[in-house]
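**Student:** Structure provided below as structure tokens; questions to follow.
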Amino acid sequence: MLGMMKESRNLPIHVKLWMAVMVVTFAAQALYFDSYLHVTNLVTFLITVGLFAPLSFTLTRNINVLAATHFIAWPTVLAYGVYQVYLGQGPAEPVAMVVLLAAYAVFFVSLVLDYRILLQELSKSRAQ
């Protein structure tokens, strides 16, 4: 984890800002432990960030591998959560719903950005 933090110092400022947005958005999920969708989002984020990301970075020493770790569980949680909200199973409180939808937006945007990073890494590896 410490090596991953040292390596992330070299990331561009827009990446660091996006990481801060992700942390704040998922920290807001902790306010709604009565909603299983919020708890699922928070647990998925914590497992990805706390277990899969450090493990994959330790194995590869490539900071861009963190993008790949998001594809482990985030698409499933995103699809399940949006489907539950579509069915009307989301939280009744408006603020809780906004926090939940913000988390889903972060999941989606992160997956799009991570896909771009992975494509760039793939093109780099093909060029070598």
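The values are calculated or read from the model by the stated rules, or taken from the named source; none is laboratory data. Since this is a predicted model, take the numbers as computed values, not measurements. Note: ideal-geometry Cβ built from the backbone for every residue, glycine included; neighbour counts use all protein chains shown. Side chains are part of the model used for accessible areas, which takes the heavy atoms of the whole protein and leaves out ligands, DNA and RNA. Shrake-Rupley method; radii C 1.70, N 1.55, O 1.52, S 1.80 Å.
**Student:** Remind me, relative contact order of the chain in percent, using alpha carbon pairs under 8 angstrom and six or more residues apart?
**Tutor:** It rounds to 28 percent for the chain.
**Student:** Could you report the chain's accessible area per residue, 1.4 Å probe, as an integer in Å²?
**Tutor:** 62
**Student:** Per the Kirkwood formula on distinct C-alpha pairs, the Rh of the chain is how many angstrom?
**Tutor:** For the chain, inverting the mean 1/r across all distinct Cα pairs yields 15.5 Å.
**Student:** Another question about this same structure. Treating each Cα of the stretch 39-106 as an identical point scatterer and ignoring solvent, apply the Debye formula and state log10 I(q)/I(0) at q = 0.16, 0.24, 0.27 Å⁻¹.
**Tutor:** So the normalised log intensities are -0.59, -1.00, -1.16.
**Student:** If eta is 1.567 mPa s and T is 4 °C, what Stokes-Einstein diffusion coefficient results for the stretch 72-128, Kirkwood Rh from Cα pairs, in µm²/s?
**Tutor:** Answer from the Stokes-Einstein relation: 100 µm²/s.
**Student:** Over the stretch 14-64, what number does the Rg to Rh ratio reach, with both radii from the alpha-carbon atoms and Rh per Kirkwood?
**Tutor:** Rg/Rh for the stretch 14-64 comes to 1.06.
**Student:** Where does each of 103-111, 9-17 land if you order them by average Cβ count within 10 Å, highest first?
**Tutor:** 103-111, 9-17
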